[in-house]
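Below: the structure, in structure tokens.
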Amino acid sequence: MTFLEAAGWTVLMCGTASLFLTITRQVTAMRRSKEVFREEMRLLRERLTAVRASRRKTEESAGPWNGTRKFRVAKKLIEKGGICSFYLSPHDGKLPLPSFTPGQFLTFNLNIGGRNETRCYSLSDSPDPHSYRVSIKRCVPPRDNPDAPPGLVSSFFHDAIEEGDLLDVLAPRGAFTIDPTEGTPLVLSGSGVGVTPVLSMMKSLIDIKSRREIYFFYGIRNGAENMIADDIRKWNSLNLSNVHVHLCFSHPLPEDTKGEDFQHDGRVGIDLFKELLPSNNFDYYTCGPGPMMQSIRDGLAEWGVPNERIHDEAFIAVKKSVDVKAARVSFRKSARSLQVSGAATTLLDLATEEGINIPFGCCTGGCGTCMTAIISGKVEYESTPKIHVESGSCLPCVCLPDGDLVLDA
Ligand SMILES: Cc1cc2nc3c(=O)[nH]c(=O)nc-3n(C[C@H](O)[C@H](O)[C@H](O)COP(=O)(O)OP(=O)(O)OC[C@H]3O[C@@H](n4cnc5c(N)ncnc54)[C@H](O)[C@@H]3O)c2cc1C
């Protein structure tokens, strides 16, 4: 082999080797990128699984079902005091029913005369796997305006809803609740139909034979309004040394016997608590008219009860006017905006006065019907929402603008 031939072979061999090396590198790189790709896909799958699990968890904590579920009125029972109880079974027949925490309420979406109406009603019994119970008082016109129309939805329930009818119901929710398994002493007090959430608490405690010290106060006008006379008879017959039941009649009838049908003249209040409770060392749960709850709250605070041990629930929003700083509130979908300054109650009221339709339910920050997305700006809550407010959204029924605001409404 000549020198030139040898040199040629060397170049050819080197070229082939380098080509081989390049190909090998590319194949390795491809293999590696395939591995990287596979690894990336694996991580993505893992992330997706985690996100889905977290979403499931959020949905579960928001309620046992999303949106509305159809329920059939299994039983309609006329109680005393203008109250009617409705026992609701799931239309799909899927049992057991998801449980609830005593004190929670159901939200009903109804269509009355072509208008959508939303109202909340407390669950009035202990959890039962077969049915939920709500007890609804027919709402009459206010005393100072007897010519006003009667309550729309409560009248509809009393007059138009019959056994077998279907209702659209949102899952139980609400934060005015007790954990029946805890051991702290309890004062449960309810006036009129406001007894419903504390009745559910009491019945749940009795069901599990709780050993907690429990004082139960029920305030009504007289025996003709006592919708829970049978329950009280049953509790008393159990002779439980830890359970103390007190009925207060503000206008007893001649046939109402003190000591038998009721224990106290007048209304449930702080003076009675001070007279009957062995100390102030209780957790207090009150539901009734706004002024009663306010006077109990003030009285308990004055008596030295820490704020975190005082719990109450209003069926009707107690609205207070507060001064808001000047702000422009814009409603994107309605293409409207308004200038706000001075005294205002809630963002929902501001919108309604402006003719902007934001659907609402409880008006106490508890049902989530009015939840609206914030496009820009901030809100300030006048009372703490009782449900989780999604980030980037607000509950207009309990907040006011904090500076310029754009809402998706
Ligand atoms: C968390 C929660 C739990 C609840 N639980 C219960 C429960 O267990 N049981 C229960 O019975 N209720 C409960 N409520 C109250 C219930 O949701 C309704 O607010 C109640 O039934 C009244 O609704 P309505 O449609 O009948 O009355 P609405 O039509 O809303 O009317 C309310 C009042 O305004 C008066 N009114 C109507 N129009 C006028 C007018 N033009 N001028 C002046 N006055 C007028 C009516 O006469 C009535 O007195 C609960 C509320 C909340 C927020």
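The values are calculated or read from the model by the stated rules, or taken from the named source; none is laboratory data. Treat the numbers as computed from the prediction; the structure is a model and nothing was measured. Cβ sites come from the backbone with ideal geometry, for glycine too, and all protein chains shown count toward neighbours.
Laid out as a table, the results:
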| item | result |
| --- | --- |
| Subset of segment 106-136 [aliphatic (A, V, I, L, M) and within 17 Å of Asp231 (Cβ to Cβ)] | Leu123, Val134 |
| Which listed residue, of Gly304, Gly377, is within 30 Å of Pro278 (Cα to Cα), surrounded by fewer than 22 Cβ atoms within 10 Å (Cβ to Cβ) and more than 24 Å from the chain's Cα centre (by Cα) | Gly304 |
| Residue under evaluation Thr196, criteria (1) in the same structural domain as Tyr132 (by TED's automatic domain parsing); (2) assigned to a helix (DSSP H, G or I), criterion not met | (1) |
| Test: residue in segment 235-257 that is polar (S, T, N, Q), at pLDDT 95 or above, closer than 15 Å to Ser191 by Cα and buried (at least 20 other Cβ atoms within 10 Å of the Cβ) | no |
| Qualifying positions in segment 261-270 - surrounded by 12 or more Cβ atoms within 10 Å (Cβ to Cβ) and more than 14 Å from Gly190 (Cα to Cα) | Asp261, Phe262, Gln263, His264 |
| Output for segment 198-231, where each listed residue is of a type in the set (Lys, Arg) and touching a helix residue (DSSP H, G or I) at 6+ places or on another chain (Cβ under 9 Å) | Lys203, Arg212, Arg221 |
| Pro150 vs. criteria in a loop (DSSP other than H, G, I, E, B), over 16 Å from Ile83 (Cβ atoms) and not assigned by TED's automatic domain parsing to the domain that holds Ser191 | no |
| Evaluation of Ile214 against (1) under 26 Å from Ala74 (Cβ atoms); (2) crowded, with 21+ Cβ neighbours inside 10 Å; (3) assigned by TED's automatic domain parsing to the domain that holds Arg267 (one fails), failing number | (1) |
| Every residue from segment 70-103 that is within 11 Å of the ligand (Cβ to nearest atom), surrounded by fewer than 22 Cβ atoms within 10 Å (Cβ to Cβ) and within 21 Å of the chain's Cα centre (by Cα) | Ser85 |
| Strands (runs of 3 or more DSSP E) wholly inside segment 310-350 containing at least 3 residues that are surrounded by fewer than 18 Cβ atoms within 10 Å (Cβ to Cβ) | 322-331, 336-344 |
| Residues of segment 351-398 that turn out to be over 15 Å from Arg328 (Cα atoms), assigned to a strand (DSSP E or B) and touching a residue at least 24 places away in the same chain (Cβ under 8 Å), as a count | 3 |
| Any hit, segment 246-263, residues being in the same structural domain as Ile228 (by TED's automatic domain parsing), in contact with a helix residue (DSSP H, G or I) (Cβ under 7 Å, 6 or more places away or on another chain) and β-branched (Val, Ile, Thr) | no |
| In segment 346-355, the residues that are farther than 24 Å from Leu170 by Cα and more than 16 Å from the ligand (Cβ to nearest atom) | Leu350, Ala351, Glu354, Gly355 |
| Those strands (runs of 3 or more DSSP E) lying entirely in segment 1-116 with at least 2 residues at pLDDT below 95 | 105-112 |
| Checklist (1) out of contact with any Gly (no Cβ under 7 Å at 6 or more places or on another chain); (2) touching a residue at least 60 places away in the same chain (Cβ under 8 Å); (3) within 8 Å of the ligand (Cβ to nearest atom) applied to Cys120, failing item | (1) |
| Residue list for segment 148-180, filter: touching a Pro at 6+ places or on another chain (Cβ under 7 Å) and either of a type in the set (D, E, K, R) or more than 9 Å from the ligand (Cβ to nearest atom) (or both) | Ala171, Thr177, Ile178, Pro180 |
| Positions within segment 123-143 being of a type outside the set (A, V, I, L, M, F, W, C) and near the ligand (Cβ under 9 Å from one of its atoms), in sequence order | Ser124, Ser135, Lys137, Arg138, Pro141, Pro142 |
| Cys362 vs. criteria modelled with pLDDT under 90 and crowded, with 22+ Cβ neighbours inside 10 Å | yes |
| Residue check for Pro180: at pLDDT below 95, outside the structural domain of Ile387 (by TED's automatic domain parsing) and farther than 24 Å from Ile220 by Cβ | yes |
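Results for (1) touching a helix residue (DSSP H, G or I) at 6+ places or on another chain (Cβ under 8 Å); (2) at pLDDT below 95, shown as yes or no for each residue.
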position	(1), (2)
Trp303	yes, no
Pro306	no, no
Glu313	yes, yes
Val318	yes, yes
Val322	no, yes
Lys325	no, yes
Ser330	no, no
Leu338	yes, yes
